[in-house]
Every structure is written in C-alpha cells, then in structure tokens.
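Please treat every number below as a calculation from the coordinates, not as lab data. Computed from a predicted structure; not experimentally measured. Positions of Cβ are generated from backbone atoms using ideal geometry, with glycine treated the same way; all protein chains shown enter the neighbour counts.
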Amino acid sequence: MDAQILIDEQSGEEAVVHKIDLKKLKDFFSASDLEWLPKNCKKNKSGEYQVLILPYMNRGAVMNRLDAVCGPENWQDDYCAGPNGGVMCRLSIRINGEWITKCDGAENTNIESVKGGISDAFKRAATKWGIGRYLARLPKMFGIVHQGGSEYTKYYPKGGDLEWVNFDIPPLPLEWLPPGEIPATPRQENPRQEKQKYPPIHKGNTMPRLTADKAKKEILEMIQTDQTTHHTLDETAATDIVSRIEGDKPYRGGWISLYEKLKTKFEAEWPVF
C-alpha cells in the first residue's frame, strides 16, 4: 500500500495515510478460501444423484483480505441487535483519514446461534464492499458423487427411507480463480478400494431413531435448567416433536420453544442434520 502525508486541519499535525485500492477487495478468492454447502440433492431420469452445492466465504479469508488490502489498522467492525432477534454488522474502512461504514445483518443460526449470526452478518457486510460478491455469478456447481466422497448430504426418496449421498467438491473453473492458481485435480475414484462414508455417529445409511422416551428424557433435563418451560409433556406431544425433528419439518404447536431447543441440540450432534 502506498502512503501519503495529510495535515490535520484542527491540530496541524501530520499523519501518514495509506492509499487503499478498494478494487482489490473484489479479487477472486483462492479455492482453499471457499467452503461449500449442499443445497439440494435429487435424482435425474437416469437414477443418478445430483447434489447442487453453493459456495460461501470463509470468515478468516475475509479478514485476511481486509488486512492485505486495507491494513489491519484501517478497518474495524462492530455489532448491534437487529430486527427479530438478529444481528447487524457495521464494517468500516478508513479512507483518506475518514471512516466509511457499510452495514448488513443476518438472523441468528441454529447452531452456535449468536456466533453464527455475527459471522453471517460480517460476511454480508463485507459483500457491501465488494468482497466475494462475484460468488453469486458462479455457474451452477454440482458435487462429484461417488461412494467414497469426503462430503455427504441427505436424500429423501418419495415413500422411502432417508439415504446418505457421498460426494467430493469439484475444482473451480480456471476463469474463477486468482491469476496463476491452477485448478485442483479431482480425486480419482477407485471402486475396489472405496467404502461409503457416513456421518461420525451413523453406523448405517439411515438416521438413528430418536424415540419419544429419549426425547422426553432430554426435555426433562432442559426443564431442570429452564424454569420457563412447562413441566408436563404427554406421549403424543413428544412423538410429534420427534417426528418433525427427524423429518426436518416445521413445528407450530404449543411446545415451539422446546422444539427449537431440542432441534438445535440434535443439529449439533448430527452435523448434516
């Protein structure tokens, strides 16, 4: 970064100000700085799985970009409560001695809700400065599906049991990489050696059953630490909560707060839930 000397009009003191090339904030990220989220899994007419994946920025990569382009001393972030329990991020960059702020917000997430909400709000505010905005223009990307894939997602066949689908992240096209970076070579499949992978706590290709008895046990433990929760729960209510958690279906009954707490707990235990 180039520097120039500015004179403070009030104090008359000299100050060194770095010239910031804001266009560099928009540069492409290295493939290793991106993470991918399986958005949708379905089967085509040939019966083959298709896993649509979406890219998102790593929070650390965004901070590194700000450090590299602006300098660690020339950017700052602060947070405040947003609407409906969310969080707002104010991301400021010092330009020619003046702080310029852009902001955006996000809802709290299901897992590590506050931390997740802050992270999402920070990255959204960063896009206001152009960081990672190009990701919305990427062509559709699909996972490379095979039995030994390092990633996995869920597939719900009509009238059938839940299935786990393994896949690998495909290499990014050359035109979406920083200058000089070579696309990664896809891992070669070896059907003889590959063994299907499942989430750590799964021993088969179906989700472990969460029984009503176990649900009530978990609920009673929550009641002991949360006096606002009612102290009664019948078998029907427990079974309904459990079935909706397993089926990833919304719940609008009188036990909504309990449902959310229980669902969050099991999302943490089942990372791909």
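Brief remarks follow.
- Phi-based couplings in Hz for the range 33-47 (Karplus 6.51, -1.76, 1.60; Gly and Pro marked x): 8, 9, 10, 10, 10, x, 9, 8, 10, 8, 10, 7, 5, 8, x
- One decimal place: the segment Trp99-Glu73 gains 8.2 nm when fully extended, by the rule 0.36 nm per residue minus the C-alpha distance.
- Extension gain, Ala81-Asn58: 0.36 nm per intervening residue step, less the Cα-Cα distance, totals 6.0 nm.
- Between His146 and Asn166, Phe167, Asp168, the built amide H atoms are under 5 Å apart, and every one of these is 5 or more places off in sequence or on another chain.
- Net lengthening on full extension, Glu35/Arg133 (0.36 nm per residue, minus Cα-Cα): 33.8 nm
- Distance violations [Cα-Cα > 26 Å] among Lys45/Lys140; Lys42/Lys140; Lys39/Lys115; Lys43/Lys123: Lys43/Lys123
- Taking the fewest neighbouring Cβ atoms within 10 Å as the starting point, the ordered list for Thr101, Thr127 is Thr101, Thr127.
- The range 25-99, relative contact order in percent, only Cα pairs under 8 angstrom and at least six apart counted: 20 percent
- Peptide ranges 38-45, 23-30 listed from the most packed, as the mean C-beta count within 10 angstrom indicates: 23-30, 38-45
- At 0.692 mPa s and 37 °C, Stokes diffusion of the range 20-145 via Kirkwood alpha-carbon radius, µm² per second: 205 µm²/s
- Tensor-based shape of the range 125-172 (alpha-carbon gyration tensor, a/c under 1.5 rounded, otherwise prolate or oblate): prolate
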